[in-house]
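Encoded as structure tokens, the structure appears first; notes follow it.
The values are calculated or read from the model by the stated rules, or taken from the named source; none is laboratory data. Owing to the predicted nature of the structure, the values given are computational and were not obtained by experimental measurement. All Cβ positions, glycine included, derive from the backbone under ideal geometry; neighbour counts span all protein chains shown.
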Amino acid sequence: MHAQGLWHRAVHVFVFNSRGQLLVQRRSATKDEYPLTYTSSASGHVAAGETYEECAPREMQEEIGLTAPLEFVVKLPAGPETANEHTVLFRAVTDDVPTVNEEEVASLTYFSLDELNGLLQVDPAAFSPPFGTLVQWYLAHGGAKK
């Protein structure tokens with residue numbers, strides 16, 4: 001999809017703990033797109049015949065071993081800032097301990113939204129473009145107050 005520049009569907013999940021910190025993953029070094037960059041708690045492509053609502057919990061379980069109720073946040077259109085992905089963002093809150101799928105994830109870290117915004121301003125290249133776009137959207141639309 002990405003290599004050919006095709007538009008496609010994707011989900012991103014922001015998993016927060018009860019202190020309001022966002023669980024952020026650093027992508028595996030073996031990823032073909034944006035290796036070792038920060039990205040959403042979990043994310044992935046929606047399979048043919050799958051809905052966004054089916055894909056989000058699957059990706060969350062596959063990548064970080066968590067299950068939690070999901071809340072729809074926003075759908076962003078495909079374009080360069082989303083890596084040509086029609087992107088749906090979901091949010092979850094849990095204090096369950098995540099487990100890393102080492103094929104997908106290099107590491108997991110909790111950040112406050114203020115810390116994350118500071119990092120994004122200083123080093124935007126450390127973030128996958130879709131994640132940077134989603135963080136900026138989230139903060140601009142009152143996400144820091146949630």
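Pairing residues of the range 26-38 that are free of Cβ contacts under 8 Å to residues at least 40 places away in the same chain and within 14 Å of residue 125 (Cβ to Cβ) with residues that are in a loop (DSSP other than H, G, I, E, B) and hydrophobic (A, V, I, L, M, F, W, C), at Cβ distances under 7 Å and at least 6 apart in sequence or on separate chains, gives 35/29. Of the set (1) under 15 Å from the mean Cα position of the chain (by Cα); (2) surrounded by 13 or more Cβ atoms within 10 Å (Cβ to Cβ), all apply to residue 75 but (2).
Has the range 77-85 got at least one residue that is of a type in the set (Val, Ile, Thr), touching a residue at least 40 places away in the same chain (Cβ under 8 Å) and farther than 21 Å from residue 140 by Cα? No, there is no match, as no residue in the range 77-85 is of a type in the set (Val, Ile, Thr), touching a residue at least 40 places away in the same chain (Cβ under 8 Å) and farther than 21 Å from residue 140 by Cα. Does at least one position in the range 108-125 carry a residue that is assigned to a strand (DSSP E or B), crowded, with 18+ Cβ neighbours inside 10 Å, touching a residue at least 24 places away in the same chain (Cβ under 8 Å) and out of contact with any Pro (no Cβ under 8 Å at 6 or more places or on another chain)? No, because not a single residue in the range 108-125 is assigned to a strand (DSSP E or B), crowded, with 18+ Cβ neighbours inside 10 Å, touching a residue at least 24 places away in the same chain (Cβ under 8 Å) and out of contact with any Pro (no Cβ under 8 Å at 6 or more places or on another chain). The number of residues in the range 85-103 being crowded, with 19+ Cβ neighbours inside 10 Å, under 14 Å from the mean Cα position of the chain (by Cα) and not hydroxyl-bearing (Ser, Thr, Tyr) comes to 6. In the range 32-68, the qualifying residues are those that are in a strand (DSSP E or B) and out of contact with any Asp or Glu (no Cβ under 9 Å at 6 or more places or on another chain), and the one that is surrounded by the most Cβ atoms within 10 Å (Cβ to Cβ) is 39. For the range 39-54, which positions are within 13 Å of the chain's Cα centre (by Cα) and more than 12 Å from residue 14 (Cα to Cα)? Matches in the range 39-54: 44, 45. Exactly one residue out of 68, 48, 56 is at pLDDT below 90, farther than 13 Å from residue 130 by Cβ and not polar (S, T, N, Q), and it is 48.
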